[in-house]
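Novice: Here's a structure for you.
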Amino acid sequence: MLVGGVALFAAVIGGVRAGLAGCAATGRGPVLTASAIDEAWEAALPRADGWNGGDIAHTIDAGGRTVWLFGDSIVGPVENGRRVGDRSRMVRGAIAWHATGAEPPREVRFAAPEPLRGVGSASWIAPAPGLWPEGTWYWLMNDAARVGDRLLLFATAVGPSGNPDGMWNFRRVGGAILEVANPGDEPTAWRVTQRRNPRVGEDPRHGEPARESENQALAIVRWGDGLVYLFGVRYGADGSKSMIVARSRVEGVGAPAGWEVFDGRTWGAGPAAVVIRGVADEFTVHAIRRGGRTMLVQVQAEAFLSRRIVARTSWRPEGPWSASATVYDAPDPGPTAFVYAAKAHPALSRPGELLVTYAVNGEFGRVFEDARLYRPKFVRVPTRLLPEPPG
């Protein structure tokens with residue numbers, strides 16, 4: 001999220017950690033019975049130099065390799081626990097990758113649109129020339145789908161809104177599909193073609209009245225026989241945000257015009273029906289196992305200025321979905337900061353747990369004064385805390 005043309009970030013200082021209540025010793029170690037901060041995962045991301053902060057923190061699977069997708073990132077040196085401002089840069093998007101596993105990796109590599117201080121170059125992160133107006137950038141906040149030997153990454157295209165208050169001078173101008181021809185190679189060597197996603201609408205400019213729009217493919221789940229379900233947000237003219245769902249055969253994911261949407265009764269041309277009301281701009285949906293059954297779980301930060309991370313569950317992509325349940329109450333970050341961008345990462349989770357990250361945004365000065373801020377915060381959530389799906 002951009003503030004004043006760069007991202008403003010803060011994080012929880014001196015937060016009270018959730019406890020490990022009633023831990024029982026087992027052959028695999030203690031059983032987690034309450035959500036708890038995982039500092040080992042945070043420590044796995046470098047902080048001394050190069051990439052040292054970023055938001056969004058969405059993960060995708062690239063064949064045994066986990067790729068982290070960030071929004072705005074800070075690249076530069078850290079000295080005495082502080083970011084060095086005159087030698088740091090904000091970059092529009094960055095990625096990281098490491099071997100997939102439930103324990104923190106020993107090595108994490110990073111790349112940005114251009115090489116900076118030991119961070120490699122992955123130019124495909126930036127919009128292709130001529131695809132969007134000058135000054136557009138990508139927030140890698142959407143999901144990805146594997147289609148045969150290709151990987152389709154969905155991205156949100158963002159540009160200036162014309163707001164004289166630089167803190168909020170950005171708006172969604174559309175969406176893009178980034179098709180990776182060689183996802184088995186290192187992400188810095190990916191060969192990517194870009195095209196527009198017609199299922200992503202445009203936000204009004206500053207001063208224009210609100211209008212309905214959509215951002216599709218924020219979350220993508222394989223479910224059923226050869227089907228892919230794509231979850232997105234419908235923005236209402238009244239300011240509401242609701243989750244909608246489309247589906248496609250696997251081979252048709254790259255052709256959004258052919259997707260079917262759930263209209264409340266069946267699948268077809270639409271319009272799409274609301275399946276969850278009151279969602280955030282960012283969330284995840286995954287299929288996970290619990291009690292011998294597979295269910296869908298949606299994770300998000302509850303709402304703007306809330307500290308709660310909530311989850312909902314369902315037996316079917318179209319619902320019905322459960323009411324939201326709080327799975328973690330983040331420590332109070334103070335009056336000038338807020339919690340957002342909560343996401344789940346099942347591929348990095350231990351059995352019976354769900355690894356969740358969230359971000360904290362706040363005053364720019366705090367971010368550079370304390371290099372522990374504006375970094376993913378990791379929380380381990382026992383799956384037993386997830387609500388029971390209805391029906």
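Novice: In region 125-140, which residues are surrounded by 23 or more Cβ atoms within 10 Å (Cβ to Cβ) and in contact (Cβ under 8 Å) with a residue 60 or more places away in the chain?
Specialist: Within region 125-140, PRO127, TRP139, LEU140 meet the criteria.
Novice: Moving on to the next point. Report whether or not GLY159 is in contact with a strand residue (DSSP E or B) (Cβ under 6 Å, 6 or more places away or on another chain) and either exposed (fewer than 13 other Cβ atoms within 10 Å of the Cβ) or free of Cβ contacts under 8 Å to residues at least 40 places away in the same chain (or both).
Specialist: Values: in contact with a strand residue (DSSP E or B) (Cβ under 6 Å, 6 or more places away or on another chain): yes; either exposed (fewer than 13 other Cβ atoms within 10 Å of the Cβ) or free of Cβ contacts under 8 Å to residues at least 40 places away in the same chain (or both): yes.
Judged against the criteria, GLY159 is a match.
Novice: What is the residue count in region 215-232 for residues that are free of Cβ contacts under 8 Å to residues at least 60 places away in the same chain and either among the basic types (Lys, Arg) or surrounded by fewer than 22 Cβ atoms within 10 Å (Cβ to Cβ) (or both)?
Specialist: Here the count works out to 4.
Novice: Which of the residues spanning region 231-287 are acidic (Asp, Glu) and either in a strand (DSSP E or B) or more than 20 Å from LEU151 (Cβ to Cβ) (or both)? Reasoning before the result, please.
Specialist: Start the filter on region 231-287 by keeping residues that are acidic (Asp, Glu), which leaves 238, 251, 260, 263, 281-282.
Those that are acidic (Asp, Glu) and either in a strand (DSSP E or B) or more than 20 Å from LEU151 (Cβ to Cβ) (or both): ASP238, GLU260, ASP263, ASP281, GLU282.
Novice: Any residue in region 331-341 that is crowded, with 20+ Cβ neighbours inside 10 Å and within 21 Å of ILE95 (Cβ to Cβ)?
Specialist: Within region 331-341 (the criterion being crowded, with 20+ Cβ neighbours inside 10 Å and within 21 Å of ILE95 (Cβ to Cβ)), the answer is yes, since at least one residue qualifies.
Novice: Inspect region 186-194 for any residue being out of contact with any helix residue (DSSP H, G or I) (no Cβ under 7 Å at 6 or more places or on another chain), of a type in the set (A, V, I, L, M) and either closer than 23 Å to VAL173 by Cα or touching a residue at least 12 places away in the same chain (Cβ under 8 Å) (or both) and give the result as yes or no. Steps first, answer last, please.
Specialist: Here is the first cut: in region 186-194, the residues out of contact with any helix residue (DSSP H, G or I) (no Cβ under 7 Å at 6 or more places or on another chain) are 186-189, 191, 193-194.
Keeping just the survivors that are of a type in the set (A, V, I, L, M) gives 189.
Subsequent filtering for residues that are either closer than 23 Å to VAL173 by Cα or touching a residue at least 12 places away in the same chain (Cβ under 8 Å) (or both) retains none.
Scanning region 186-194 turns up no residue that is out of contact with any helix residue (DSSP H, G or I) (no Cβ under 7 Å at 6 or more places or on another chain), of a type in the set (A, V, I, L, M) and either closer than 23 Å to VAL173 by Cα or touching a residue at least 12 places away in the same chain (Cβ under 8 Å) (or both).
Novice: Of the residues ALA102, ALA57, which is under 22 Å from LEU354 (Cβ atoms), exposed (fewer than 15 other Cβ atoms within 10 Å of the Cβ), touching a Lys or Arg at 6+ places or on another chain (Cβ under 8 Å) and not polar (S, T, N, Q)?
Specialist: Numbers: ALA57 fails: exposed (fewer than 15 other Cβ atoms within 10 Å of the Cβ).
Result: ALA102 is the single residue among ALA102, ALA57 that is under 22 Å from LEU354 (Cβ atoms), exposed (fewer than 15 other Cβ atoms within 10 Å of the Cβ), touching a Lys or Arg at 6+ places or on another chain (Cβ under 8 Å) and not polar (S, T, N, Q).
Novice: Quick check, is GLY252 touching a helix residue (DSSP H, G or I) at 6+ places or on another chain (Cβ under 6 Å) and free of Cβ contacts under 8 Å to residues at least 40 places away in the same chain?
Specialist: Numbers: touching a helix residue (DSSP H, G or I) at 6+ places or on another chain (Cβ under 6 Å): yes; free of Cβ contacts under 8 Å to residues at least 40 places away in the same chain: yes.
The answer is yes for GLY252.
Novice: Moving to a separate point now. List pairs: first residue in region 195-212 and within 16 Å of PRO160 (Cα to Cα), second residue among the polar types (S, T, N, Q) and not in a loop (DSSP other than H, G, I, E, B) anywhere in the structure, Cβ distance under 6 angstrom, at least six positions apart or on different chains.
Specialist: GLY201/SER213
Novice: Working carefully through the options TYR340, TYR328, TYR358, find the one that is free of Cβ contacts under 8 Å to residues at least 60 places away in the same chain, assigned to a strand (DSSP E or B) and hydroxyl-bearing (Ser, Thr, Tyr).
Specialist: Working: TYR340 fails: free of Cβ contacts under 8 Å to residues at least 60 places away in the same chain; TYR328 fails: free of Cβ contacts under 8 Å to residues at least 60 places away in the same chain.
Selected residue: TYR358, the only one of TYR340, TYR328, TYR358 that is free of Cβ contacts under 8 Å to residues at least 60 places away in the same chain, assigned to a strand (DSSP E or B) and hydroxyl-bearing (Ser, Thr, Tyr).
Novice: Could you list all residues from region 368-379 that are closer than 27 Å to VAL279 by Cβ and modelled with pLDDT under 95? Give the derivation first.
Specialist: Pass one, region 368-379, residues closer than 27 Å to VAL279 by Cβ: 373-379.
Result: LEU373, TYR374, ARG375, PRO376, LYS377.
Novice: Among VAL310, VAL279, which is crowded, with 18+ Cβ neighbours inside 10 Å, β-branched (Val, Ile, Thr), touching an Asp or Glu at 6+ places or on another chain (Cβ under 7 Å) and under 22 Å from ASP55 (Cα atoms)?
Specialist: Numbers: VAL279 fails: touching an Asp or Glu at 6+ places or on another chain (Cβ under 7 Å).
One residue alone meets the criteria, VAL310.
Novice: For region 318-366, which positions are among the small types (Gly, Ala, Ser), at pLDDT below 95, under 21 Å from the mean Cα position of the chain (by Cα) and more than 21 Å from VAL233 (Cα to Cα)?
Specialist: Matches in region 318-366: ALA330, ALA337, GLY362.
Novice: Taking region 32-60 only, how many residues are part of a loop (DSSP other than H, G, I, E, B) and either in contact with a Gly (Cβ under 8 Å, 6 or more places away or on another chain) or more than 25 Å from THR326 (Cα to Cα) (or both)?
Specialist: First, pick out the residues of region 32-60 that are part of a loop (DSSP other than H, G, I, E, B): 32-35, 38, 45-50, 55-57.
Right, trim to either in contact with a Gly (Cβ under 8 Å, 6 or more places away or on another chain) or more than 25 Å from THR326 (Cα to Cα) (or both) and you get 32-34, 45-50, 55-56.
The qualifying residues number 11.
The values are calculated or read from the model by the stated rules, or taken from the named source; none is laboratory data. Keep in mind that this is a model prediction, so the values were computed, not measured. Here the Cβ is made from the backbone with ideal geometry for all residues, glycine too, and neighbour counts use every protein chain on show.
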